[in-house]
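K.L.:
I am attaching a structure below and will ask some questions about it afterwards.
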Amino acid sequence: MEHSEDGPSTVSRRLDRNIEALLERRQRDARSASLEDRIAGTITRFAGSMVFVYIHAVIFGLWILINTGVLAFIPAFDPSLVILAMIASVEAIFISTFVMISQNRMAEVDDKRADLNLQISLLAEHEATQILNLLSAIAEKLNVDLTGMEEIEQLKKDVMPEDVLDAMEKKEGEGGAATG
């Protein structure tokens with residue numbers, strides 16, 4: 001990392017600022033989540049932990065050992081294990097629902113990140129196009145021969161996102177027709 005007399009380089013300061021801004025935004029989004037989303041997230045995190053697995057292994061193991069007569073000193077209360085199966089089924093329904101709620105929230109966050117990435121990519125594309133136009137103008141002013149570099153003329157044109165999406169949809173349609 002480069003250092004100046006004033007401290008770390010500008011890139012590092014910008015990077016640190018960006019990281020702090022992103023973390024701050026993530027924390028703000030977490031604080032603004034609804035109570036239901038926070039509860040679902042907490043339950044999902046717990047259900048996805050090893051503590052959850054250990055607790056269930058002990059409870060289910062003891063239940064089975066008691067009700068199959070292995071632990072004969074404790075009277076069986078569910079010899080057919082129907083109650084255990086019902087409890088496990090209801091629990092599975094609720095856990096899968098909580099997981100789906102959490103996945104929906106994560107999908108929303110992913111959509112926001114994808115939109116941000118797209119905006120940054122579009123800005124970078126536009127900036128690169130402007131830089132290429134400026135460099136071409138400088139090359140022309142300095143009488144630099146650019147013949148045989150037809151690609152530069154193509155790259156100097158701004159790319160419209162709608163055109164890219166249309167071209168992608170067209171290609172996907174052609175590919176789908178060929179395989180279908």
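Computed from the coordinates by the stated procedures, all read-outs in this text should not be read as laboratory data. All values derive from a computational prediction rather than experimental measurement. Please note: Cβ atoms are built from the backbone with ideal geometry, for glycine as well, and neighbour counts cover all protein chains shown.
K.L.:
What number of residues in the range 25-38 are more than 15 Å from residue 103 (Cβ to Cβ) and either aliphatic (A, V, I, L, M) or in contact (Cβ under 8 Å) with a residue 12 or more places away in the chain (or both)?
P.N.:
So the answer is 3.
K.L.:
Could you grab the pairs with beta carbons closer than 7 Å, sequence gap of 6+ or different chains, first residue in the range 88-107 and within 12 Å of residue 45 (Cβ to Cβ), second one among the β-branched types (Val, Ile, Thr) and surrounded by 12 or more Cβ atoms within 10 Å (Cβ to Cβ)?
P.N.:
Matching pairs, first to second residue: 98/43; 98/44; 99/44; 102/44.
K.L.:
Please work out if residue 102 is small (Gly, Ala, Ser) and out of contact with any helix residue (DSSP H, G or I) (no Cβ under 7 Å at 6 or more places or on another chain). Working first, answer last.
P.N.:
Values: small (Gly, Ala, Ser): yes; out of contact with any helix residue (DSSP H, G or I) (no Cβ under 7 Å at 6 or more places or on another chain): no.
Taking the combined requirement at face value, the residue does not satisfy it.
K.L.:
Which pairs do you get when a residue that is in contact (Cβ under 8 Å) with a residue 12 or more places away in the chain, found in the range 57-77, comes within reach of a residue that is part of a loop (DSSP other than H, G, I, E, B) and hydroxyl-bearing (Ser, Thr, Tyr), reach meaning Cβ atoms under 9 angstrom, with the pair 6+ apart or on two chains?
P.N.:
What qualifies is 67/80.
K.L.:
Okay, next question. Across the range 71-88, what is the number of residues that are within 16 Å of residue 58 (Cβ to Cβ) and in a loop (DSSP other than H, G, I, E, B)? Even if it seems obvious, please write down each step before you answer.
P.N.:
Taking the range 71-88 as the starting set, the residues that turn out to be within 16 Å of residue 58 (Cβ to Cβ) are 71, 74, 84, 87-88.
From what's left, in a loop (DSSP other than H, G, I, E, B): 71, 74.
Residues that pass the stated criteria total 2.
K.L.:
Residues in the range 120-157 that are touching a residue at least 24 places away in the same chain (Cβ under 8 Å), surrounded by 11 or more Cβ atoms within 10 Å (Cβ to Cβ) and not in a helix (DSSP H, G or I): how many?
P.N.:
Qualifying residue count for the region: 1.
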